[in-house]
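S.K.: Below you will find the structure I want to go over with you.
The values are calculated or read from the model by the stated rules, or taken from the named source; none is laboratory data. Everything quoted here is computed from the prediction, not taken from an experiment. Because the Cβ atoms are built from the backbone with ideal geometry, glycine has one as well, and the counts that use them run over all protein chains shown. Each accessible area value is taken on the protein alone, full model and side chains, heavy atoms only, with ligands, DNA and RNA left out. Shrake-Rupley method; radii C 1.70, N 1.55, O 1.52, S 1.80 Å.
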Amino acid sequence: MAAVILVAGLVPFDSGKTWFTLGAALAARERGLRVGVFKPVAAHNLWYSPRAVRRSLELKLLVGNDVLLYHEKGLVEDIGVSNPVAVATAPPDPSAYASVGDYMRDFEDVGRIAVLSRVYAFDERAHSHYVHAENLRKMSARVRRLVEKMDSALGAAPRSFAGLSAYLTSNEVAANLDKCLRELERGRDLVFVESFNDAVAPYGALLESVDAAVIVAPGKAYVYLDARKLREVSRKAFERWGWAGFRTSYVFDSLKPDFSVETGFAAKPSARKPHREFIDKIASLVAPSKRSSPE
């Protein structure tokens with residue numbers, strides 16, 4: 001069975017999860033390890049993602065920038081299995097609001113600016129696309145036309161985001177995501193799981209499958225090798241604060257990492273010295289026959 005490495009962000013946006021995961025996964029592959037990447041829930045903003053919009057239309061499959069990068073690097077084969085839930089947001093039109101405070105509140109809430117989504121059902125091997133019409137009225141005419149074009153190409157059905165959100169917190173979706181993870185573990189030595197924003201994990205049940213975790217901040221990655229302690233801290237925070245406690249900040253405040261690496265700055269994702277050092281230090285999690293580097 002593959003070792004499962006969870007990668008979560010310390011800050012909600014632009015923490016460097018994808019860049020770190022890519023570098024570490026490529027470094028592992030250099031060592032001859034069989035690697036997969038799992039991003040259970042992904043969100044991207046259409047306005048900042050013209051390449052993802054184009055590829056989504058070509059593939060007739062909603063896909064974001066990060067998953068496309070993994071796919072292009074050969075770390076994701078089946079987009080549905082590696083990314084079962086995708087959400088596309090769009091920037092609202094400020095003139096549609098009575099105050100800039102209301103505008104900023106919506107801009108920072110995925111549920112209020114989500115316009116399209118995709119859910120992959122593992123058992124049926126099928127994708128379902130949805131359009132969230134209640135949020136389209138907040139968008140500019142140009143953004144609405146783009147969403148309508150994608151809606152038509154993807155064959156999206158109307159669904160409220162509240163309905164989708166209820167599904168995403170259900171036991172049903174957790175079971176579906178676990179099936180995807182089990183599929184990715186087959187025939188692999190390492191599976192990297194990228195979390196969502198600054199959530200400890202993309203879904204609660206995943207923590208039972210994690211062997212180690214990395215909390216990433218710009219320029220630094222903190223590594224936790226005791227998954228049992230991670231689960232205990234997360235459980236206590238959840239019991240005290242509910243979903244608001246399911247944040248990496250509580251883990252970061254409560255647990256000392258086993259080690260950290262300086263990730264530095266890079267214009268393009270690649271395997272560099274910090275990623276190779278990371279893979280060397282977690283080698284004990286991988287089956288002994290897979291640890292040696294190829295000649």
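S.K.: Calculate the length of the line joining the C-alpha centroid of region 252-276 to that of region 128-169, in whole Å.
M.R.: Rounded to whole Å, the Cα centres lie 36 Å apart.
S.K.: Still on this structure, I have one more. Using a/c under 1.5 as the rounded threshold, could you call region 143-189 rounded, prolate or oblate? The axes a ≥ b ≥ c are square roots of the C-alpha gyration tensor eigenvalues, and prolate needs a/b larger than b/c, oblate otherwise. Don't jump to the answer; show the numbers that get you there.
M.R.: Working: a/c = 3.97, a/b = 1.76, b/c = 2.26.
Oblate, because a/c is 1.5 or more while a/b does not exceed b/c.
S.K.: Something else now. What does the charge dipole of region 105-214 about its Cα centre add up to, to the nearest 20 debye, if the Cβ of each Lys and Arg holds +1 and the Cβ of each Asp and Glu holds -1?
M.R.: 740 debye
S.K.: With each run of n ≥ 4 DSSP H residues scored as -39500 (n - 2.57), what mean residue ellipticity at 222 nm is computed for the chain after dividing by its residue count and rounding to the nearest 500 deg cm²/dmol?
M.R.: Values: 13 runs with 120 residues, N = 295.
Helix contribution divided over all residues of the chain: -11500 deg cm²/dmol.
S.K.: Moving to a separate point now. Please give the charge dipole size of the chain, origin at the Cα centre, charges +1 on K and R Cβ atoms and -1 on D and E Cβ atoms. Round to the nearest 20 debye.
M.R.: Working: 41 positive and 35 negative charges, 86 e Å.
The calculated dipole for the chain is roughly 420 debye.
S.K.: Of K17/K281; K138/K179; K149/K268; K39/K229; K39/K281; K73/K220, which ones are farther than 29 Å apart at the Cα?
M.R.: Values: K17/K281 19 Å; K138/K179 36 Å; K149/K268 31 Å; K39/K229 23 Å; K39/K281 23 Å; K73/K220 23 Å.
From the list (K17/K281; K138/K179; K149/K268; K39/K229; K39/K281; K73/K220), the Cα-Cα distance tops 29 Å for K138/K179; K149/K268.
S.K.: I've got another one for you. Which order do the peptides 210-220, 50-60, 34-44 come out in when sorted by mean C-beta neighbours inside 10 angstrom, highest first?
M.R.: On the way: 210-220: 20.2, 50-60: 15.2, 34-44: 22.5.
Top to bottom by mean Cβ count within 10 Å: 34-44, 210-220, 50-60.
S.K.: Whole number in Å², please: accessible area per residue of region 94-181, 1.4 Å probe, ligands, DNA and RNA not counted.
M.R.: Values: 4610 Å² over 88 residues.
I get 52 Å² per residue for region 94-181.
S.K.: Evaluate the relative contact order of the chain (contact order divided by residue number), counting alpha-carbon pairs under 8 angstrom at least 6 apart; express in whole percent. Please list the in-between numbers first.
M.R.: Numbers: 533 pairs, mean separation 91.3, N = 295.
Normalised by residue count, the contact order of the chain is 31 percent.
S.K.: On to the next question. At 1.4 Å probe size, with the rest of the protein present, what percent of the exposed accessible area of region 54-115 is carbon and sulfur atoms? Provide the component values of the computation, followed by the final result.
M.R.: Details: 1340 of 2700 Å².
On region 54-115, the fraction of accessible area on carbon and sulfur atoms equals 50 percent.
S.K.: For the pair E108 and K236, what calculated FRET efficiency results from E = 1/(1 + (r/R0)^6), where r is the Cβ-Cβ distance and R0 = 25 Å, to the nearest 0.05?
M.R.: Details: r = 27 Å, r/R0 = 1.09.
Efficiency at R0 = 25 Å is approximately 0.35.
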